[in-house]
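Where a number appears in this text, it was derived from the coordinates with a stated rule and is not lab data. Owing to the predicted nature of the structure, the values given are computational and were not obtained by experimental measurement. Virtual Cβ from ideal backbone geometry, glycine too; neighbours counted across all protein chains shown.
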Amino acid sequence: MLDFSRVRNKEITYAELVASLTVDDLRNLTNEIVDYQLDLLADVVDADVVFVPNDPEADDPYATDEADKEIAWTLGHLIVHVTASSEESAALAAELARGVMRDG
């Protein structure tokens, strides 16, 4: 996986971190993170996915229903968000690779 510590420590920029990455590097890094995520979930059972943890600090300012604002996220909810974020990033990357300019 990429080591982001130098970016977090403001020693280099994100652009500098990724400037030398090749298509093969990106493919390998993508496979590495997907494999890591699958390994994390390897022993998960259905009950783990729907379990609602007690999280007194839960705060979702974007909840559409006020009743959902302080509900802790289940593992299933997290999986959905990670999957959606990955798909969105892949779609944006495909557009950028084809020269489509994004403005937002």
Exercise. Identify the single condition in (1) under 26 Å from residue 7 (Cβ atoms); (2) β-branched (Val, Ile, Thr); (3) touching a Gly at 6+ places or on another chain (Cβ under 7 Å) that residue 50 does not satisfy, given that it satisfies every other one.
Key: (1)
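Can we say residue 65 is surrounded by 12 or more Cβ atoms within 10 Å (Cβ to Cβ), out of contact with any strand residue (DSSP E or B) (no Cβ under 6 Å at 6 or more places or on another chain) and of a type in the set (D, E, K, R)? It would help to see each step written out before you state the result.
Working: surrounded by 12 or more Cβ atoms within 10 Å (Cβ to Cβ): no; out of contact with any strand residue (DSSP E or B) (no Cβ under 6 Å at 6 or more places or on another chain): yes; of a type in the set (D, E, K, R): yes.
So residue 65 fails the test.
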Quiz item: Out of all the residues in segment 3-31, which are exposed (fewer than 12 other Cβ atoms within 10 Å of the Cβ) and either in contact (Cβ under 8 Å) with a residue 12 or more places away in the chain or in contact with a Gly (Cβ under 7 Å, 6 or more places away or on another chain) (or both)?
Solution: 4
Exercise. Pairs only if they're at least six apart or on different chains, beta carbon under 6 angstrom, first in segment 69-90 and closer than 11 Å to residue 53 by Cβ and touching a residue at least 24 places away in the same chain (Cβ under 8 Å), second assigned to a helix (DSSP H, G or I) and among the hydrophobic types (A, V, I, L, M, F, W, C); list them, first residue then second.
Key: 74/50; 75/49
